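Report on one structure; see the data block that follows.
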Amino acid sequence: MRILSLAILAVLVAPPLSIAQSTAPAAELAGDAGQTTAPQTDIEAGRMPVLQSEQVDKMAAPQVERADETTGLRPNILWITSEDNGPHLGCYGDSYARTPHLDALAARGMIYLNVWSNAPVCAPARTTIISGVYPTSTGAEHMRSVVDPPPFLRMYPQLLRRAGYYCTNNSKEDYNLKKPGRVWDASSSRAHWKNRRPGQPFFAVFNHTVTHESQIRKRPHTPRHDPAKVHVPAYHPDTPEVRRDWAQYYDKISEMDALAGKNLQELQEAGLAEDTIVFYYGDHGPGLPRCKRSAINSGLRVPLIVYIPPKYRRLAPKDYTPGGKSERLVSFIDLAPTVLSLAGVRPPEWMQGRAIMGPFEQPEPDYLFGFRGRMDERIDLCRSIRDGRYVYMRNFMPHRPHGQHSAYMFQTPTTQVWKRLFDEGKLTPAQAAFWQPKAPEELYDLQTDPEEVNNLAGSPEHQEILQRMRAALHAHMLATRDVGLLPEGEMHARARGSSPYEYGHDREHYPLERILRTAELASRLDMTDMPELLGALTQDADSAVRYWAAMGVLMRGPSAVLGALRELRQVLKDESPHVRIVVGEALGRFGEPSDLEAALPVLLELANLRENGLYVSVSALNAIDALGPKAARVKQAIQSLPQSDLSIDKRMQFYVPRLVEAITAH
């Protein structure tokens, strides 16, 4: 995109900003945790207007392009989706997989080779699809959350329904955004396109959960795929437990394939197979550790198969060939505008993706973008980007390993044996990396290193690529007004009375450039940045800048903390609870004994769920957990804290109990 290219150039040539000088103000399944010719829209430029109420309905209403005049009919559209699986299908060249129905669909249609889910876990990935807006823009990036959408946003089925489509979902939703009214005509295990009015075009989703993470570890199970023939990726240890989980994963993919076959057979029996455009895709990477929840290719790459009947080939992209393969870069942000385009509905300008087919098809982007926020009870912040060959990830919290102890993830045998072998010192460097502090930046060559185990960020030969992708990611975060840089509780507090999206687009009150600059300085771990970070910590009027400055001290470890005791002791009384939490963790872990004595009461007070809310409580409990044995004296007090609050969404009720259990287990 033109605006992105200009923004990248600005990042590369602009002098560094001195931040110190600026002082402006359920059940198991519920347990988961551009082209220069593209038109420049307001959202691409990062200046999407906040609409007044009288503008909302006008903007949300679909514009129907009568691109169907040759037949008088619009196509039916069927989406078959599955959970927690990458492109481990026969049609993608995996000889170990047995997927005859999807292989047959691919033989009639086309597969996409470079598809990302944007998020490596279900709720934010599904939120990306349903809204057509990056969750990093709406504040819905975390696993899980409940977020107010901006007033103009309509979920894409609402726009399809207004255009005359009968829209059904069978049946998982799991959106992080509150629904802006009725979204589906039917959304349940009984929802079906068969219930539409005669002659009414339909859009139907059938989601299959059999491949979900929880099913990979479900026992007893007799493997149908031979564990001895499993390909164990280089990042996993080669043990019987790991082989068994991977074999069962492939078994579940075969079961899912059979279910997809039934969905296709229903169309055939109803005489609708040649009237229906069919998509199949998975919702993010495999439900195994370092796949699911990891914002690189192993966690974000998914299969996408599209079949377009001959009568609707005018809607196909130029590279569509039956039995063919497309190398176009596609991600979930593109699905909403694509389905609208196929239905003859012009995608609204506030949608951030690009239609990949239909009358409103747009050029291929230069990059795909991924993100990782809080994963259930564990806090993290990662942003990633890929082009046709390389993956780059920026870890804004490198002191926290990729393999943080998420209770749900640790139910999988692979996770348990992998961590045990790490503790015993029996892993290779590639296998151990998951359990160690992250590198501030990661760069992988998918052509020579498809399993992403050789980090090229420090390679002299790859510095030009690193800088290009770093700049593109930086520009994307600015253009989309990324609110994920705010501590989660802070984001909700600042957006009270509106929405995180609206707040994020308010340049007067959200100093994103300054916050991002501080976060980048904090996370690159260069000790020469300490004076600037300490200036921001003690002088900046914005609490998010102070938060990242404090994180920068904490992440640099003992020497940085001991050299900043005076400033940290001063800021332990900061008005922002999130700043106090980070400072408390820094002083408690690396300060003097008296600092631990001062920090523990602060953290304990903020850990109270009912007094401080879920997000502050989760942050404080994570900080206490990071203290390890130093928190032993407050175990009893932690156990007596409230662990439930009926005001919390039921999907998030278990976060505090899990953290309390982890702390008291030390």
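Results, tabulated for the structure shown:
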read-out	value
The range 453-475, residues that are under 20 Å from LEU381 (Cβ atoms) and out of contact with any Pro (no Cβ under 9 Å at 6 or more places or on another chain)	ASN455, LEU466, MET469, ARG470, ALA471, ALA472, LEU473, HIS474, ALA475
Some residue of the range 65-87 being of a type in the set (Gly, Ala, Ser), open to solvent by 10 Å² or more (accessible area, probe 1.4 Å) and at pLDDT 95 or above	no
In the range 507-533, residue farthest from the chain's Cα centre (by Cα) [restricted to those that are within 21 Å of GLU490 (Cα to Cα) and open to solvent by 10 Å² or more (accessible area, probe 1.4 Å)]	GLU508
Meets criteria (surrounded by fewer than 22 Cβ atoms within 10 Å (Cβ to Cβ), touching a helix residue (DSSP H, G or I) at 6+ places or on another chain (Cβ under 8 Å) and at negative phi) for LEU267	yes
Residues of the range 601-623 classified as closer than 10 Å to ILE581 by Cα and in a loop (DSSP other than H, G, I, E, B), total	1
Any chance ALA544 is open to solvent by less than 10 Å² (accessible area, probe 1.4 Å) and either over 32 Å from the mean Cα position of the chain (by Cα) or modelled with pLDDT under 95 (or both)	no
Output for the range 275-297, where each listed residue is among the acidic types (Asp, Glu) and open to solvent by 10 Å² or more (accessible area, probe 1.4 Å)	ASP275
Enumeration of residues in the range 178-196 that are of a type outside the set (D, E, K, R) and either part of a loop (DSSP other than H, G, I, E, B) or touching a Gly at 6+ places or on another chain (Cβ under 9 Å) (or both)	PRO180, GLY181, VAL183, TRP184, SER188, SER189, ALA191, HIS192
Among residues of the range 624-663, those that are open to solvent by less than 20 Å² (accessible area, probe 1.4 Å) and assigned to a helix (DSSP H, G or I), counted	11
Of residues in the range 222-255 being in a helix (DSSP H, G or I) and over 19 Å from LYS292 (Cβ atoms), the one most open to solvent (accessible area, probe 1.4 Å)	LYS229
Filtered residues of the range 158-191 (kept if within 20 Å of GLN265 (Cα to Cα) and surrounded by fewer than 16 Cβ atoms within 10 Å (Cβ to Cβ))	SER189, ARG190
Test: ASN622 is over 13 Å from ALA550 (Cβ atoms), touching a strand residue (DSSP E or B) at 6+ places or on another chain (Cβ under 9 Å) and not aliphatic (A, V, I, L, M)	yes
Leading residue by the ranking (nearest to GLU141 (Cα to Cα)) among those in the range 376-418 that are among the polar types (S, T, N, Q), open to solvent by less than 10 Å² (accessible area, probe 1.4 Å) and not in a strand (DSSP E or B)	SER406
Residue in the range 579-586 that is surrounded by fewer than 16 Cβ atoms within 10 Å (Cβ to Cβ) and either at pLDDT 95 or above or touching a strand residue (DSSP E or B) at 6+ places or on another chain (Cβ under 6 Å) (or both) present	no
Residue among ALA564, ALA599, ALA620 that is open to solvent by less than 30 Å² (accessible area, probe 1.4 Å), within 28 Å of the chain's Cα centre (by Cα) and not charged (D, E, K, R)	ALA620
Test result for TYR134, touching a strand residue (DSSP E or B) at 6+ places or on another chain (Cβ under 8 Å), open to solvent by 10 Å² or more (accessible area, probe 1.4 Å) and within 22 Å of ASP366 (Cβ to Cβ)	yes
Those residues of the range 339-375 which are in a strand (DSSP E or B), farther than 25 Å from ALA123 by Cα and open to solvent by 10 Å² or more (accessible area, probe 1.4 Å), in sequence order	ARG346
Any chance ALA204 is on the phi < 0 side of the Ramachandran plot, aliphatic (A, V, I, L, M) and open to solvent by 20 Å² or more (accessible area, probe 1.4 Å)	no
Odd one out for GLY199, checked against (1) outside any helix (DSSP H, G or I); (2) in contact with a helix residue (DSSP H, G or I) (Cβ under 6 Å, 6 or more places away or on another chain); (3) more than 22 Å from GLY282 (Cβ to Cβ)	(2)
LEU113, sole failed condition from (1) open to solvent by 10 Å² or more (accessible area, probe 1.4 Å); (2) part of a loop (DSSP other than H, G, I, E, B); (3) within 22 Å of ILE296 (Cα to Cα)	(2)
Residue tally, condition part of a helix (DSSP H, G or I) and in contact with a Lys or Arg (Cβ under 7 Å, 6 or more places away or on another chain), over the range 298-317	2
Test result for SER617, more than 22 Å from HIS492 (Cα to Cα) and among the hydroxyl-bearing types (Ser, Thr, Tyr)	no
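The values are calculated or read from the model by the stated rules, or taken from the named source; none is laboratory data. Keep in mind the model is a prediction, meaning the values are calculated, not measured. Here the Cβ is made from the backbone with ideal geometry for all residues, glycine too, and neighbour counts use every protein chain on show. We work out accessible area using only protein heavy atoms, side chains counted, and drop any ligands, DNA or RNA first. Shrake-Rupley method; radii C 1.70, N 1.55, O 1.52, S 1.80 Å.
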